[in-house]
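The values are calculated or read from the model by the stated rules, or taken from the named source; none is laboratory data. If you're wondering where the values come from, they're calculated on a predicted model, not measured in any experiment. Because the Cβ atoms are built from the backbone with ideal geometry, glycine has one as well, and the counts that use them run over all protein chains shown.
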Amino acid sequence: MSSPGLALAGYVDRFVAERLQVLGETEITYLASLPTADRERILSRFFDFPLPVHKNTMAASNAAACAADQGKFWEMHDELFRNQPEWNGEATDNPKKIFLGYVKALGLNSDTWEKCFDAQTHQSRIMANQAEGTRRRVQSTPTFVIGTRMIPGGMSYDAFKAYVDSATKEAAVPAKTDTAAAKGKTK
């Protein structure tokens with residue numbers, strides 16, 4: 001498990017503050033609203049958190065993960081978000097046929113994507129992310145983990161940037177140690 005995963009699991013002392021973690025399902029508008037350069041600079045890991053109350057979100061997470069195998073996670077993410085009324089639980093019981101339209105529009109290899117989707121290749125990771133979010137008491141999406149803080153709900157870009165800047169500054173401050181204890185001396 002990487003350092004961002006360790007931070008999510010509660011080992012915040014090993015977390016690199018300039019990295020950002022996001023727990024969410026495909027409806028995170030903030031990621032789409034970030035300038036591309038900033039999104040790429042600060043966003044290191046997207047954690048799936050398909051909410052059980054939304055019927056087809058597990059399938060949507062699977063669809064995006066299979067697109068990621070072909071280098072198109074964010075493009076699929078954006079299609080899924082933009083077109084939720086087409087595939088949500090009220091619209092269809094079979095979102096795969098709708099997702100295949102997005103696959104073709106994005107220029108993905110549909111045979112490769114379909115094999116991944118049908119085999120649920122990424123299901124165990126998606127479910128592990130969901131379980132970790134539940135363990136951490138995430139109750140809504142989006143939820144951001146920035147530095148050592150878990151921030152539920154949306155925020156403006158300026159507020160988001162302030163959290164990232166604050167976490168980066170905190171990480172730059174060396175931890176205070178007792179110099180005598182650090183040298184192995186006792187009182």
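Find the residue count for the range 148-168, including only residues that are without any contact (Cβ under 8 Å) to a residue 60 or more places away in the chain and closer than 24 Å to residue 51 by Cβ.
Total meeting the criteria: 8.
Return yes or no: is residue 145 farther than 13 Å from residue 62 by Cβ and either touching a residue at least 24 places away in the same chain (Cβ under 8 Å) or touching a His at 6+ places or on another chain (Cβ under 9 Å) (or both)?
Yes; evaluated as a whole, the condition is true for this residue.
Taking the options 109, 129, 62, name whichever one is of a type in the set (S, T, N, Q) and modelled with pLDDT under 90.
Working: 109 fails: modelled with pLDDT under 90; 62 fails: modelled with pLDDT under 90.
When all the criteria are applied, what remains is 129.
Being under 30 Å from residue 66 (Cα atoms) and either acidic (Asp, Glu) or assigned to a loop (DSSP other than H, G, I, E, B) (or both) narrows it down to one of 132, 170, so name that one.
Only one candidate qualifies: 132.
Only residues that are among the acidic types (Asp, Glu) and either surrounded by fewer than 16 Cβ atoms within 10 Å (Cβ to Cβ) or within 18 Å of the chain's Cα centre (by Cα) (or both): list them for the range 66-115, please.
Answer for the range 66-115, where residues must be among the acidic types (Asp, Glu) and either surrounded by fewer than 16 Cβ atoms within 10 Å (Cβ to Cβ) or within 18 Å of the chain's Cα centre (by Cα) (or both): 69, 75, 78, 79, 86, 90, 93, 111.
All but one of (1) surrounded by 15 or more Cβ atoms within 10 Å (Cβ to Cβ); (2) among the charged types (D, E, K, R); (3) modelled with pLDDT of 85 or more hold for residue 118; state the number of the condition that does not hold.
Residue 118 satisfies all of (1) surrounded by 15 or more Cβ atoms within 10 Å (Cβ to Cβ); (2) among the charged types (D, E, K, R); (3) modelled with pLDDT of 85 or more except (1).
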